[in-house]
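Novice: Dropping the structure in here first, questions after.
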Amino acid sequence: MRPYTVREWDKLTYGDGDGQIPGHLADRLAALAQQSPFSGRGGNGVLEHGRHALRARGVVGILAAGDCSLEILPKIEVAPDESVENQNAAIRKRLIHMLAVALNLKLDLGSVTDLAWQRETLLEILIRIFCDKLTEAVRKGIPRRYIEHEDDLPALRGTLDVVRQFTRNAVNASRLACRFDLLSEDMALNRIMKAAVRSLSRTSRSTANQQRLRELAFVYADIADIEPAALRWDDVVIDRTNRRWQELLSMARLFLEGRYQTTTGGAGRGTALLFEMNTLFEEYVGRLIARALAGTDMTVSLQGGRLFCLSAEMTERGLFQTKPDILIRRGGAVVHVIDTKWKRISSRIDDPKQGVSQGDVYQMMAYAQLYGAPRLTLLYPHHSGLGSRELVLARNRITGHDTILETASIDVANGKDMLGRLRSLILVDEADAMKALLA
């Protein structure tokens, strides 16, 4: 398979040269991208299929069609003096870390070698991590549970099904209609794992991953083959006896029906694993803030609130529901509203408004009115153009109100003490915000 890599909002030109993609392969990938739910009404939400180049948009992940694949990486700033391969490796690592936080996965990224980060695509790395975790889990034993069975046997086993005995077996006294529980491995959790292994076997192009998947397929040979659409996810019960399968279940859901992506690309035309960066950044930051404030007197709600901007005069029916990304409460009262924006903010030297859109400001003012929060923050990814200092970049008062609207940034490329930095944004700068209100 011919792999290609591009970063979001960058272009991959057509041609046969280095760093280019042949036109017929570009057409194939663009057609696959148009089938994604992220493609939008015009079909350009994932890739812009231009006359001279493919241009990635705000969706990252991988598209695989036929004998080629396109990996779209987020525009995360990494060491500029590194080679392109090393930069892409660092971005993959940060992206998988963001996915792990957003999906509540505990992934050991240290088990992936530096060479693998450089040479393997995002999809192959995720498959490798899944295979390693699943192999470790099955070595400790495949889960089993008692499943109710019915059968006609020569001797009584379990309890007698009286109705079936005197109907179906009325003329055959040598058989007893038995109903009994049988300890079996053919259960919903194992069927999901087998479906994931089968699906990934068709998708992976890595020799090492194919070998791992064949070994796992042998382990699940006696489990029923169920198509992904027919899997019974609700039948899976995770308790203290099988808690180690929680991450594997989440990863299987990611591959088979994930919230952010589509795994179907048309009849035999390819597969896609795609993530919308706005949504991923929001979930990533929200979960980290919830962890950062654990043990304090504050509580965090993600996509909470849901108050309406308007009420219909006659019916009192709510109109224009709001969904703030992150609500922080103290004693039940909202004290801080944070809205994440995955886009590049300008420095104040270049633009006093820092590129903040008027629509975003209006949205935050609506939040201030509805939720009564004294502090509002628009949170962006940090970049070198903003200087070395992240967190609060600018602080303004909403005219006529004792409410502060901030612009802030967080450096997602720097994974060091992320919880401490977010805690500092909320708790330390909270005092500064209150001083600004009283000034």
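Novice: Test of the criteria: in region 73-149, which chymotrypsin sites (Phe, Trp or Tyr not before Pro) are in a DSSP loop and have at most 11 other Cβ atoms within 10 angstrom of their Cβ?
Specialist: Loop-located and lightly packed - none at all.
Novice: If F320, F281 are ordered by their accessible area, calculated over protein heavy atoms with a 1.4 Å probe, which sequence runs from highest to lowest?
Specialist: In descending accessible area the options line up as F320, F281.
Novice: For a 18 Å ceiling on Cα separation, which of these pairs sit above it: K106/K323; K93/K416; K106/K133?
Specialist: The pairs that break the limit, which is 18 Å between Cα atoms, are K106/K323.
Novice: Sticking with this structure for a sec: Over the alpha-carbon set of region 1-116, work out the extent along each principal axis and list the three values in angstrom, largest first.
Specialist: Principal extents (Cα only, largest first): 40, 32, 26 Å.
Novice: Another question, if that's okay. How large is log10 of I(q)/I(0) for the chain at q = 0.07, 0.08, 0.09, 0.12 Å⁻¹ when the intensity is taken from the Debye formula with one equal scatterer per alpha-carbon?
Specialist: Each listed q corresponds, in turn, to -0.46, -0.59, -0.72, -1.10.
Novice: How much mean residue ellipticity at 222 nm does the chain get from its helices, if each DSSP H run of length 4 or more adds -39500 (n - 2.57) and you divide by all residues, to the nearest 500 deg cm²/dmol?
Specialist: It comes out at -10500 deg cm²/dmol, rounded to the nearest 500.
Novice: If you don't mind, there's one more thing I want to ask. Can you pull the accessible area of V162 for me, 1.4 Å probe, Å² to the nearest 10?
Specialist: 80 Å²
Novice: If you don't mind, there's one more thing I want to ask. Could you state how much accessible area S388 has, in square angstrom rounded to the nearest 10, with a 1.4 Å probe and all protein chains kept in place?
Specialist: Roll a 1.4 Å probe over it and S388 shows about 120 Å².
Novice: When each pair of different Cα atoms in region 268-415 is counted once in the 1/r mean, what is the Kirkwood radius in angstroms, to one decimal?
Specialist: 16.8 Å
Novice: Still on this model: Would you mind telling me the antiparallel percentage of the DSSP bridges in the chain, rounded to 5?
Specialist: If I count the DSSP bridges inside the chain, around 70 percent turn out antiparallel.
Novice: E282 accessible area, nearest 10 Å², 1.4 Å probe?
Specialist: Per-residue accessible area (E282): approximately 30 Å².
Novice: Then there's this: Take the Cα gyration tensor of region 119-228, multiply each eigenvalue by 5, square-root it, and list the three semi-axes largest first, rounded to whole angstrom.
Specialist: The three semi-axes for region 119-228 are 43, 13, 10 Å.
Novice: Among 362-372, 26-36, what's the highest-first ranking by average C-beta atoms within 10 angstrom per residue?
Specialist: 26-36, 362-372
Novice: When only the heavy atoms of the protein chains count and the probe is 1.4 Å, how do K341, K140 rank by accessible area, highest first?
Specialist: The ordering from most to least exposed comes out as K140, K341.
Novice: Where does each of L405, L307, L176 land when they are ordered by accessible area, with a 1.4 Å probe and the largest first?
Specialist: L307, L176, L405
The values are calculated or read from the model by the stated rules, or taken from the named source; none is laboratory data. Predicted model, so just to flag it, every value in this text is computed and none were measured. Heads up, the Cβs are rebuilt from the backbone with ideal geometry, glycines too, and the neighbour counts pull from every protein chain shown. What goes into the accessible areas is simple: the full protein's heavy atoms, side chains included, and nothing from ligands, DNA or RNA. Shrake-Rupley method; radii C 1.70, N 1.55, O 1.52, S 1.80 Å.
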